[in-house]
Amino acid sequence: MPVKSGVFTRRALMIMAVQAGILGTLAYRLYDLQVIKGGELKKLAQRNRTSKRLIAPSRGTMYDRCGVLVAGNFPNWRALLMPEETTDIAAVIERFSAIVPLDDRDRARIERDRRHLRRYVPLTLKEFLSWDDMARIGLNAPTLPGVLVDVGSTRDYPLKELTAHIVGYVAPPNEADAQKDSIFSLPGMRIGRAGLEQTQEDRLRGQPGSVEMEVNALGRVIGEIERVDGLPGNKLGLTIDTELQSQVLSRVGDRIASAVVMDCRNGEVMAMVSTPSFDPSLFDSGVSHAQWNAWMSDSRTPLVDKAVSGLYPPGSTFKPAVAMAALTSKAVSPGERFSCPGYYDLGGVRFHCWNRYGHGSINMHQALKYSCDVYFYQVARRCGIEAIQKSGNLFGLGTKLDIELPHTRAGSIPTPAERRKHGFHWNGGDTVNAGIGQGLVQVTPLALATYASRLASGRMISPHLIRSINDQTLPQSTFNVAEEMPFARSDLDVVRGGMFAVVNEPQGTAPAARLSIPGVQMAGKTGSAQVRRVPRALRESGHFNSMNLPWEYRPHALFICYAPYDNPRYSVAVIVEHGNAGATEAAPLAARIMTDTLLRDPASRTPLSRNTVASADMTMSQQGGMEDKIP
Amino acid sequence: MNNDTVVPKVARRLLRTEPNFRMFSRLWRVNWFFVLLICVLAGIGYVALYSAGGGKPVPFAEPQLIRFGFGLIIMIVVALLSPRVLRLMSVPIYIIAILMLGLVLKIGHVGKGAERWINLGFFQFQPSEFAKIALVLMLATWFHRVGREKMGNPLRLIIPALLTLLPVVLVLKEPNLGTATIVGMIGASLFFAAGMRWWQIVILVAPVPFLGNVIYSHLHDYQKARIDTFLHPEHDPLGAGYNIIQSKIALGSGGMWGEGYLHGSQGQLNFLPEKQTDFIFTMIGEEWGYAGGVVVIGILTLIVISGMLMSLRCRNRFGRLVGLGISVDFFLYCVVNLSMVMGVIPVGGVPLPLISYGGSAMLTMMFGFGLLLSTWVYRDEVDSGGDG
């Protein structure tokens, strides 16, 4: 007889009810997860599945006008760490540093990268690995999970110091850059920090490619979903002629100086030298503290491009601009004579001529030729500072020039109104001083070269450094298309004649600048810009000689010129810091530079004989591909 | 009969060759529908493991199928053992289980911060799995002897309570909180079904919240971490909370109809941790969608309910309790695993029976199903009035 099973049945049924309830709840929970919240979770799943990596574009290269490589890329072997493929990043870095030593700077950079890089962006441990380093990493690979060696590219400046100021340099991007654009978090990316590298950053950088990959939970790539190729940066052709640049540099020698050679027909800067220079390659991996401090404490400011950032009083080189102001404002006629007794008194202050015996009664042509100060004191008084400023600005002096370089300075030709705005007084003496390019007038060497080009061509020549982009020559390199200057041609010719006389006539201030090339003549203007007022007692003693001054108080030597006089092609501006006198220091230097420039001009060369041409063609075709490099 | 000593009688019974027709009639009495359900579940397991192995029968699906074959044989053999034999076996099985639990504490193989495995060389064995079956048998035997009427006497409950607590404590010490809880709940369900009085239940259940606190304070750090990450998985998405988040993401990406067999991105790309063992259900959910998941839950429910119905149909107290205990064991396995992958309870190493890859869980479960089937084969044997 069966035992009464009522209690068991009841309780078993209760348990079954609970079980059915729980299983039902779980089924609902599954519905909730899969169907109700499914879409949202599916998005997360997509993110789990794919990983997008950026591919660093190759930075645009730069060539000079003859096709010589100025800035290129060369392979940089580097050790990367894939954060996804290792569990303990710190330990791997420690083990790595035991194999390839990491200095404090490396560690600081790694630490910074670790903080802001996303997990799929590889961490750069060390760049510029040597062959030995790579071998050691390879040997120790099992203890370095996630570490891989790959080749990136680094910036190469084969000409080093020669073009440093123009080309500039690149450096690893800092944290702020990386936050601005994610492309900078890619290993090996560089950002332009000076010169063309900085201003042309957008053109040179290129477009990063990207590759979307299917990855597993460990970050290992399973397959590639989509690849978008990047675009390399633009190839820039520069107006610089590096061979000429090197000649100019050797002419300048160890002077602290700046020289600019410009094509005065289209504003192409063919050479631009600022000494001393520096090696831009040093920046690529980050400059050491010692090197940086050495540059910073050097009073010769090697990192500053004096050609665009150095401000100097133009001294007598300013006189043609003053003359143009006077002629244009009709304040003075070319033939009008002013008397120079060697000094000029204004309101109890005596302004001296450089020639203390005076130049007598002279007209404008003579005033330019002798560089008479007293003539220009009076002319400046007559036409007024506003006219001088207007004329100077038209010549590119005291205005910002639109050249493709950073930190270009405008210089200044201040007027009383502007000075008063800043709380200064204006004395009559300020106008007088401005007449000879002293006092408050300040210009850059590049502005002087532009000024010379505009005087020579009568056009609003604008200096530029880029000739072509991706082998497409830019319109700005076309000859004689710049707008005509608002000056009367006859007025310009008077001033040009004066500048011709400076070099070529007897008693001109710069006979040393005469060219030795037959049939080619040059027009120019000297300048000796005082950096300190000469004490009256010293001047009156009659024994004043600026050569006796300490070097840093000697006047700067300046010279501007253009040639050939009858058909101007090139203009040159030279400033030798504390060179004492434009006539003796700057003018001969400028003449040599001009000679070099003219001799490099293909038109000045003797035509090649038929045979040489034929053999040259042979060589070219045999070498195959050489033509590509010559723009 | 009365003067016969127990052991020789058992030996004689075990050795006695029975006529073949009785053997066949017993085989006929096996609940083949239930066996079919189990085979369907194992089939789903094969299909899922095939996918977890990256669309290949090795390393998971094929070994598991072979184990299932062994399991089927064990199940049928056990199904033919009579309740008497089973009752006689219950004490030695229980003692062996306790000894093994003790042994695993001494020499157990350390896996994930907890000692759970005994390495038998050819095969790693999880004694806690076996302990659950042993406890079911032991308690069923005990309550069979006590009888429902005497359950009112609290003194009669002390020994089964100790019998339950001993494996619970040993499993806790491993430490394996999840399995210890399951063992405890199996014991509790048997007490309940055996006819424990309501007032006794109230006295026992009342202090549970207090005990919960005490237990939490004695939990191992990794167990506390599991509870914490369960409550706030987003705090450490790539660390301990990873499993829960990835599991939910995978289930969600399955949607209604799934991403298609062998095309589940999360599982196939290894975003799913332990996809062949504890998280196999997630993989099914991702590839077959809610439709597939709910079918699996349906089959699990059918097995639980059939087990419970078989135990209800059984006319002897021992069989009823064994059937109920095994069904509850299976049910708890399923619920803990499903809740875990759906992020309802903290993660603990509990597999989904017959689907998850793993030998010892599969074989002990099949042994358990054998016991369940045996209660069905002998369903019409009635308790003799005087027994217990």
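The values are calculated or read from the model by the stated rules, or taken from the named source; none is laboratory data. All values reported here derive from a predicted model rather than from experimental measurement. Every residue, glycine among them, receives a Cβ derived from its backbone with ideal geometry; neighbour counts consider all protein chains shown. Just the protein is used for accessible areas: all its heavy atoms, side chains included, with ligands, DNA and RNA removed. Shrake-Rupley method; radii C 1.70, N 1.55, O 1.52, S 1.80 Å.
Observations, loosely collected:
- Residues located in region A:538-554, provided they are at pLDDT below 75 and either within 9 Å of A:N580 (Cα to Cα) or open to solvent by 80 Å² or more (accessible area, probe 1.4 Å) (or both): A:E540, A:H543, A:S546, A:M547
- Residues considered: A:A79, A:A91, A:A98. Of these, the only one that is in the same structural domain as A:S153 (by TED's automatic domain parsing) and buried (at least 19 other Cβ atoms within 10 Å of the Cβ) is A:A79.
- Boolean, A:P475 is in contact with a strand residue (DSSP E or B) (Cβ under 6 Å, 6 or more places away or on another chain) and under 24 Å from A:G267 (Cα atoms): no
- Wholly within region B:134-250, helices (runs of 4 or more DSSP H) carrying at least 2 residues that are modelled with pLDDT of 80 or more and within 22 Å of B:V336 (Cβ to Cβ): B:155-173, B:177-193
- When A:S477, A:S457, A:S468 are checked against the criterion of being under 30 Å from A:L69 (Cα atoms), surrounded by 13 or more Cβ atoms within 10 Å (Cβ to Cβ), in contact with a Pro (Cβ under 7 Å, 6 or more places away or on another chain) and not charged (D, E, K, R), a single residue qualifies: A:S468.
- Scanning region B:275-287 for any residue that is of a type in the set (G, A, S) and at pLDDT below 85 turns up nothing.
- Restricting attention to region B:121-156, the residues that are open to solvent by less than 70 Å² (accessible area, probe 1.4 Å) and over 24 Å from the mean Cα position of the chain (by Cα) add up to 7.
- Restricting the search to helices (runs of 4 or more DSSP H) fully inside region A:334-400 and requiring at least 3 residues that are within 19 Å of A:P320 (Cβ to Cβ) and free of Cβ contacts under 8 Å to residues at least 60 places away in the same chain gives A:373-383, A:385-394.
- If you go through region B:180-209 and pick out every residue that is in contact with a helix residue (DSSP H, G or I) (Cβ under 6 Å, 6 or more places away or on another chain), within 14 Å of B:V328 (Cβ to Cβ) and away from every other protein chain (no Cβ under 14 Å), you end up with 2.
- Check on A:R514, of a type in the set (K, R) and surrounded by fewer than 18 Cβ atoms within 10 Å (Cβ to Cβ): yes
- Failed criterion for A:Q507 (all others in (1) at pLDDT 90 or above; (2) part of a loop (DSSP other than H, G, I, E, B); (3) more than 35 Å from the chain's Cα centre (by Cα) hold): (1)
- Residue among A:V322, A:V273, A:V374 that alone is in the same structural domain as A:A587 (by TED's automatic domain parsing) and out of contact with any Phe, Trp or Tyr (no Cβ under 6 Å at 6 or more places or on another chain): A:V273
- Meeting the requirement of 2 or more residues that are touching a residue at least 60 places away in the same chain (Cβ under 8 Å), open to solvent by 20 Å² or more (accessible area, probe 1.4 Å) and of a type in the set (D, E, K, R), the helices (runs of 4 or more DSSP H) wholly within region A:138-236 are A:201-205.
- Filtering region B:322-338 for residues that are in contact with an Asp or Glu (Cβ under 7 Å, 6 or more places away or on another chain) and either at pLDDT below 95 or not hydroxyl-bearing (S, T, Y) (or both) leaves a non-empty set.
- Residue that is nearest to the other protein chains (Cβ to nearest Cβ) [pool: residues in region B:130-155 that are farther than 24 Å from B:I96 by Cα and not small (G, A, S)]: B:R148
- The number of residues in region A:412-433 being under 30 Å from A:A164 (Cβ atoms) and either open to solvent by less than 20 Å² (accessible area, probe 1.4 Å) or outside the structural domain of A:L448 (by TED's automatic domain parsing) (or both) comes to 0.
- Hey, A:S281 touching a residue at least 12 places away in the same chain (Cβ under 8 Å), surrounded by fewer than 24 Cβ atoms within 10 Å (Cβ to Cβ) and assigned to a helix (DSSP H, G or I) or not: yes
- Every residue from region A:286-338 that is touching a helix residue (DSSP H, G or I) at 6+ places or on another chain (Cβ under 7 Å), among the β-branched types (V, I, T) and open to solvent by 10 Å² or more (accessible area, probe 1.4 Å): A:T328
- Qualifying residue in region B:64-84 (condition: outside any loop (DSSP other than H, G, I, E, B), at pLDDT below 85, of a type in the set (V, I, T) and open to solvent by less than 60 Å² (accessible area, probe 1.4 Å)): no
- Test set (1) at the interface with another protein chain (Cβ under 10 Å from one of its Cβ atoms); (2) open to solvent by less than 10 Å² (accessible area, probe 1.4 Å); (3) of a type outside the set (G, A, S) - B:L312 fails condition number: (2)
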